[in-house]
Amino acid sequence: PPGPPIYVDLAYLPGSWSARTVDEEFFRRVRSLCYVVSGDDHLKEGVLRPLLDALLAGKHQWGTDTQVTLIPTFDSLVMHEWYQETHDRQQELGITVLGSNSTVAMQDETFPACKVEF
């Protein structure tokens, strides 16, 4: 139902088939400082571009100077293409995409990571 937006610091965007429920209206109503895009699977690739485009369209309606950080947890050709094609629009809207080549080593394991501070 219609209502005022909800403001949060961090929102995880659904993966797999549930990602299809994230549209422009979602981003208009759920306003987050950081959105985490997770779910490195073949299903996510098919819905990733519409999800990212919905972020741009929804953020456009905020009417504020709130900075937003998008944090992908996986490497994706779709994400790279979207980033390149919409980079100017992202800057206009105050959207930063965190790309990280950093790794963390713990015990016998090494994995990609990034640090987010509020």
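Hey, can you rank 3-10, 28-35 by average C-beta count inside 10 Å, highest first?
28-35, 3-10
Check which residues have an amide H placed less than 5 Å from Tyr12's amide H, if you skip close sequence neighbours.
For Tyr12, whose amide H was placed from the backbone, the distant partners under 5 Å are Val36.
FYI, it's all coordinate maths here, none of it is from the lab. Owing to the predicted nature of the structure, the values given are computational and were not obtained by experimental measurement. As a convention, Cβ positions derive from the backbone with ideal geometry for all residues, glycine included, and neighbour counts pool all protein chains shown.
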